[in-house]
């Protein structure tokens, strides 16, 4: 009887705080997070109201880019394929109401990562895959203060994604050291974490170290 393929290890997908006033201070936080353990990617998500803040996004992305390159961490820009292309970032993450995936792909090229928010929708995930997305993101799985107007997602959608899609799936929304394990066990390929790292009482390095231990334990 053939053995089932082994799932690749779940990894961390960090997201910046929604507002960063002290860019050098955030770079120090990010460097500390990297020292804590494995980090796959960093999404720069900086908003002015409901819209992306281009100037802040550019400033933070350029500041963290050398660290990302040195540690082989994918630098993802939220919402804007245009900024992604201008900054030569590794990827762009599109919200449900942003530019469609095919148009974004045409703008950024074939080598750049294109991710898609699917909230709790299996249909949206299938469409995203058909349009050429490189990963799909589901959530919010838990209450979150980082993003407004979230839709509640059930962890079963992660299991469904493992069974029926070839795309990696990202779990997002209120994820912390204390609640991450069920999402890993359900099938999350990546855990998108923001406040659970930056606001951890023991600091970003400790949070990343603990999240990596949770990942290892949940996949054992």
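The values are calculated or read from the model by the stated rules, or taken from the named source; none is laboratory data. All of these numbers come straight from a predicted model, not from anything done at the bench. Because the Cβ atoms are built from the backbone with ideal geometry, glycine has one as well, and the counts that use them run over all protein chains shown.
List of remarks:
- From the options 96, 89, 74, residue that is touching a strand residue (DSSP E or B) at 6+ places or on another chain (Cβ under 8 Å) and closer than 18 Å to residue 194 by Cα: 74
- Listed by position, the helices (runs of 4 or more DSSP H) enclosed by the range 131-220 that each have at least 1 residues that are farther than 20 Å from residue 37 by Cα are 156-164, 181-186.
- A single member of 74, 96 is modelled with pLDDT under 95, closer than 24 Å to residue 165 by Cα and under 16 Å from the mean Cα position of the chain (by Cα), and it is 96.
- Index of the failed condition, residue 152 passing every other in (1) under 12 Å from residue 120 (Cβ atoms); (2) surrounded by 15 or more Cβ atoms within 10 Å (Cβ to Cβ); (3) out of contact with any strand residue (DSSP E or B) (no Cβ under 6 Å at 6 or more places or on another chain): (2)
- Screening the range 189-199 for residues that are touching a helix residue (DSSP H, G or I) at 6+ places or on another chain (Cβ under 9 Å) and either without any contact (Cβ under 8 Å) to a residue 24 or more places away in the chain or surrounded by fewer than 24 Cβ atoms within 10 Å (Cβ to Cβ) (or both) and picking the one that is farthest from residue 9 (Cα to Cα) gives 199.
Per-residue answers, yes or no, for (1) under 14 Å from the mean Cα position of the chain (by Cα); (2) in contact (Cβ under 8 Å) with a residue 40 or more places away in the chain:
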{"site": "13", "(1), (2)": "yes, yes"}
{"site": "37", "(1), (2)": "no, yes"}
{"site": "42", "(1), (2)": "yes, no"}
{"site": "52", "(1), (2)": "no, no"}
{"site": "58", "(1), (2)": "no, no"}
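- Residues being buried (at least 23 other Cβ atoms within 10 Å of the Cβ) and over 15 Å from the mean Cα position of the chain (by Cα) - total across the range 168-178: 0
- All of (1) in contact (Cβ under 8 Å) with a residue 40 or more places away in the chain; (2) surrounded by fewer than 18 Cβ atoms within 10 Å (Cβ to Cβ); (3) touching a strand residue (DSSP E or B) at 6+ places or on another chain (Cβ under 9 Å); (4) over 18 Å from residue 7 (Cβ atoms) hold for residue 165 with one exception: (4).
- Against the test of being out of contact with any strand residue (DSSP E or B) (no Cβ under 7 Å at 6 or more places or on another chain), modelled with pLDDT of 95 or more and buried (at least 19 other Cβ atoms within 10 Å of the Cβ), the options 181, 186 yield a single qualifying residue, 186.
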